[in-house]
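To keep things clear, I will list the structure first and then write my remarks on it.
Only the coordinates and a few stated rules stand behind these numbers; no lab work does. Everything numeric in this text was worked out from a predicted model, so none of it was measured. Here Cβ is always computed from backbone atoms with ideal geometry, including for glycine, and neighbour counts include all displayed protein chains.
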Amino acid sequence: MLETLFALLSFFLLAGSVTILLARDPALYTTGFLAVMLAVAGLFGLLDQSFLFLAQVMVGVGAVVVLTTIVILTINLKEKELPKEPTRGPWLVLGALVIAPFGWMLYRGLVAATPDHFPVLKEGFGTVQAMGSVLFRDWVLPFEILSLLLLAAMLGAIIIGKKEQSYDLES
């Protein structure tokens, strides 16, 4: 059963990735992006990593994909406004041929380095409760500093985006 679910999630991951690379319609490649994010979340779920699963669903799908979709639909690009890419196909094939040997070496290295069995983990490892406990007990100060840094970056982006532009009214 798990093997079938893994194969199905892998199929959606690969199909979404190919859709992102090949689609010309913004709504279609946003759908491919959504499929990739949900498949990655599903793979985390298969690994019994509930915190990473929930974080992927909430942050990856809930924030990134929704924001990307809103931006793409707001821009409202038409097919004729997209740049012409006559050499796109050959570049994709060339890129795949260049990357394939590295992927094969990575696969062989991981297979050789992977033991026949995995160590037994403590009960509750990777759960939301365990992650929250470590985050807010051991890492609360860096967490709060990061939140302030992100808030400052967001305010800076708003200030830069809303900066008054001077207009020449006499021309």
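Toward the positive end of the charge dipole of the chain, with +1 on the Cβ of Lys and Arg and -1 on the Cβ of Asp and Glu, the farthest Cα among Val57, Val134, Leu22 is that of Leu22. Helices assigned as whole DSSP H runs in the chain whose Cα atoms extend at least 20 Å along their own long axis and whose mean Kyte-Doolittle hydropathy is 1.0 or higher are found at 2-22, 26-46, 88-113, 140-161.
Given the choices (1) 39, 37, 30; (2) 76, 49, 28; (3) 40, 40, 34, Cα extents along the principal axes in Å derived from the coordinates of this structure is entry (2). Remark: spin-label model distance Lys122-Leu54 equals 1.9 nm, labels positioned 7 Å along the Cα→Cβ axis. Working note: 222 nm ellipticity from helices only, DSSP H runs with n ≥ 4, each -39,500 (n - 2.57), summed and divided by the residues of the chain, gives -23000 deg cm²/dmol to the nearest 500.
If the segment from Ala153 to Val111 were pulled out straight at 0.36 nm per residue, it would be longer than the present Cα-Cα gap by 10.9 nm.
Taking trypsin sites (Lys or Arg not before Pro) across segment 1-92, the ones in a DSSP loop with at most 12 further Cβ atoms lying within 10 angstrom of their Cβ are Arg24, Lys78, Lys84.
FRET efficiency for the Ser133 to Leu67 pair, using the beta carbon distance and R₀ = 35 Å, is estimated at 0.70. Cβ crowding within 10 Å, taken as a proxy for footprinting-reagent exposure, orders Tyr107, Tyr29 from fewest neighbours to most as Tyr107, Tyr29.
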